[in-house]
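Only one structure is covered here, and it is reproduced in the block below.
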Amino acid sequence: MSKPMGSVEVKVEAEVNPTEDADKVRVAIQKVLGDINLEIVEEGEYRKLAGRAEGYEALARFYDLLRRERILDAARAVLLRGVQGKKIVFYLNKQVAYVGHISFSQPYGESPLGPILVEIQCDDPHSLIDWLTPKTAK
């Protein structure tokens with residue numbers, strides 16, 4: 001299936017806990033979202049890594065992982081639930097991402113180190129979801 005038309009912007013952020021190495025959090029994000037440029041944002045005691053990228057290349061690694069892990073149907077359901085107007089919001093488990101896999105997560109409480117927040121801004125979220133996670137034949 002061809003890529004949908006229009007622009008895509010991917011924003012990502014993840015808290016860096018005091019017990020965590022920021023480089024490991026960076027690796028976790030990049031293993032699932034590719035070579036996204038991340039910077040540390042400090043707000044008092046609170047630190048997070050935040051980054052953004054534009055274009056479909058920003059989703060290439062995620063696209064490939066979804067296929068490799070054979071989780072298109074589950075991912076499709078999560079992404080559809082995450083549609084908010086012209087954006088898709090979802091969370092990934094940080095520890096699972098660090099080993100190069102995708103595991104969707106809740107915003108709070110599920111992952112002891114906190115999740116990775118991913119926000120994809122695009123003109124047509126539903127066609128983007130169809131490209132990322134096409135319906136599989138049942």
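See the values below:
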item: Test: residue in segment 59-76 that is surrounded by fewer than 19 Cβ atoms within 10 Å (Cβ to Cβ) and closer than 14 Å to GLU13 by Cβ; result: no
item: Condition check for TYR91: under 25 Å from ILE40 (Cβ atoms), at pLDDT 95 or above and in contact with an Asp or Glu (Cβ under 9 Å, 6 or more places away or on another chain); result: yes
item: Helices (runs of 4 or more DSSP H) fully within segment 43-138 counting 3 or more residues that are in contact (Cβ under 8 Å) with a residue 60 or more places away in the chain; result: 60-68, 94-98, 125-132
item: Unmet requirement for ALA53, which otherwise passes all of (1) buried (at least 18 other Cβ atoms within 10 Å of the Cβ); (2) closer than 27 Å to LYS135 by Cβ; (3) touching a helix residue (DSSP H, G or I) at 6+ places or on another chain (Cβ under 7 Å); (4) not β-branched (Val, Ile, Thr); result: (3)
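Each row is one residue, and each column tells you yes or no for (1) touching a Lys or Arg at 6+ places or on another chain (Cβ under 8 Å); (2) surrounded by fewer than 17 Cβ atoms within 10 Å (Cβ to Cβ); (3) not in a helix (DSSP H, G or I).
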| position | (1), (2), (3) |
| --- | --- |
| LYS3 | no, yes, yes |
| GLY6 | no, yes, yes |
| GLU9 | yes, yes, yes |
| VAL12 | yes, no, yes |
| VAL25 | yes, no, no |
| LYS31 | yes, no, no |
| ILE36 | yes, no, yes |
| GLU39 | no, yes, yes |
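The values are calculated or read from the model by the stated rules, or taken from the named source; none is laboratory data. Remember, it's a predicted structure, so these values are computed and weren't measured experimentally. Virtual Cβ from ideal backbone geometry, glycine too; neighbours counted across all protein chains shown.
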